[in-house]
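Worksheet for the structure shown next.
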Amino acid sequence: MTASETDQQLVQRAQRGDLRAFDLLVLKYQGRIAALVSRYVSDPSEVEDVTQEAFIKAYRAIDKFRGDSAFYTWLYRIAANAAKNYLVSKRRRPGSDATIEDAEVGSQAALLADVGTPEAVAMGEELAAVVEDALSALPEELQAALTLREFEGLSYDDIAAVLDCPVGTVRSRIFRAREAIDERVKQQMSGESGFR
Amino acid sequence: MTTSDRELETLSAIMDGEADELELRRVLDSTSSDPALRARWRRQQMVRELLQTRRVSQPNIEVSSAVTEALAGGKSVYKNPLWSMAVAASVTMAVVLGGQQLLVPNNNAMQGSVISDVVGGVVPVLGAQPVQASLGAKSLPVAARQIDTADNERREVAAMYERLAQDRYRNLGRHHASAAAQTHPAPYISYIRAPAPTGQESALQ
């Protein structure tokens, strides 16, 4: 199972009316969708409103999602339309060149393009430095497990084969690696005044 | 390993698509009541994005609570008041237009009532288009059924105006009596006389 299959698992639950599953999807994608919306709308409170509206529309239309594309691609289309409609309702001309191709799975350019405001970029760079430090400070076996997972995209079974250890150990090592990084990130974020 | 640690490990496995359905259900049960678990999930996603792209999109945005609240309660919580005002204005407009459709008499049904016998004159009639009378001062042929319908509607409108006038007299009387009772030194009779529309006198309390 891959991370996009996790999305599928959560989507299926949301389609059965499980709001908690949809909440995890919102938490996962709200930053990227807000960054996309901010390519159309500049006012931060408007960005928040349109982002919120996009997720509400997505939930109400979630029965129509058939899984032909990745969930994020589908969500991206809804958010882009919500932003364009918002501009039309405010009698402003949509000026963004955001296209649906930007959202296609595996497009690193899309991730790089949708980073949002300069403040968000600066905050992201600081966090990136913290994460990099935390990763390099990890014990070797934890670092290896997390690296194989995040950079190589290997499954737990494959990582277990590479590291020659049980799958349960891989799962535990990845968790402990994330735990250590999270401690540092949490500290950094609590120091950031703009972070909620 | 504590329960909380087990949940956090499961959360990590869910992120990688390595948790089973039962684990997912357990974590979903916990996330709805545990803000720390939700925050952890969010940070984990952010760390993944940072590791893979060295960037993070809008780390300061938080709409999940408002989205859940709107979906669970069926209402939308907008941060920008202009947008909610726009929505409210649209609803008001729809109500006003709908109300007008109900209150204004149907033009087709009122066709018979706009015919004037006054030579060269224009007769203003409520809810109707004015029509220039013919030079021969003769009524245009109008179907009897249409005239009946128009007469009925005219009577209903007249009755409605009469009710409104009586309500206004009544309110005026109350207001007058109340004002007089507060300002007049002597005991005051709390009624006024108002001409009844039908020609008979009535004392409205």
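The values are calculated or read from the model by the stated rules, or taken from the named source; none is laboratory data. Here the structure is a predicted model, which is why all the values come from computation and not from measurement. Here the Cβ positions follow ideal geometry from the backbone for every residue, glycine too, while neighbour counts run over all protein chains shown. SASA here: full protein model, heavy atoms, side chains in, ligands and nucleic acids out. Shrake-Rupley method; radii C 1.70, N 1.55, O 1.52, S 1.80 Å.
Annotations
- Qualifying residue in region A:140-153 (condition: at the interface with chain B (Cβ under 10 Å from one of its Cβ atoms) and loosely packed, with under 15 Cβ neighbours inside 10 Å): yes
- Hey, A:GLY124 more than 23 Å from A:MET189 (Cα to Cα), facing chain B (nearest Cβ under 10 Å) and touching a helix residue (DSSP H, G or I) at 6+ places or on another chain (Cβ under 9 Å) or not: no
- Test: residue in region B:28-36 that is of a type outside the set (Gly, Ala, Ser), within 30 Å of A:ASP49 (Cα to Cα), in a loop (DSSP other than H, G, I, E, B) and more than 7 Å from chain A (Cβ to nearest Cβ): yes
- Those residues of region A:49-63 which are surrounded by fewer than 23 Cβ atoms within 10 Å (Cβ to Cβ), without any contact (Cβ under 8 Å) to a residue 24 or more places away in the chain and at the interface with chain B (Cβ under 7 Å from one of its Cβ atoms), in sequence order: A:ILE56
- Residues of region A:2-48 satisfying the condition of being free of Cβ contacts under 8 Å to residues at least 60 places away in the same chain, in a loop (DSSP other than H, G, I, E, B) and crowded, with 19+ Cβ neighbours inside 10 Å: A:TYR40, A:VAL41
- Check on A:GLU104, surrounded by fewer than 17 Cβ atoms within 10 Å (Cβ to Cβ) and modelled with pLDDT of 95 or more: no
- If you check A:ALA177, A:ALA129 for being more than 25 Å from B:GLU18 (Cα to Cα) and either exposed (fewer than 13 other Cβ atoms within 10 Å of the Cβ) or within 20 Å of the chain's Cα centre (by Cα) (or both), only one passes: A:ALA129.
- Residue in region A:183-192 that is touching a Cys at 6+ places or on another chain (Cβ under 9 Å) and closer than 20 Å to B:GLU49 by Cα present: no
- Filter result for the condition that a residue is open to solvent by 30 Å² or more (accessible area, probe 1.4 Å), at pLDDT below 90 and farther than 23 Å from B:ARG55 by Cβ, over A:LYS84, A:LYS90: A:LYS90
- For B:GLN44, the requirement of being crowded, with 20+ Cβ neighbours inside 10 Å and within 7 Å of chain A (Cβ to nearest Cβ) is met.
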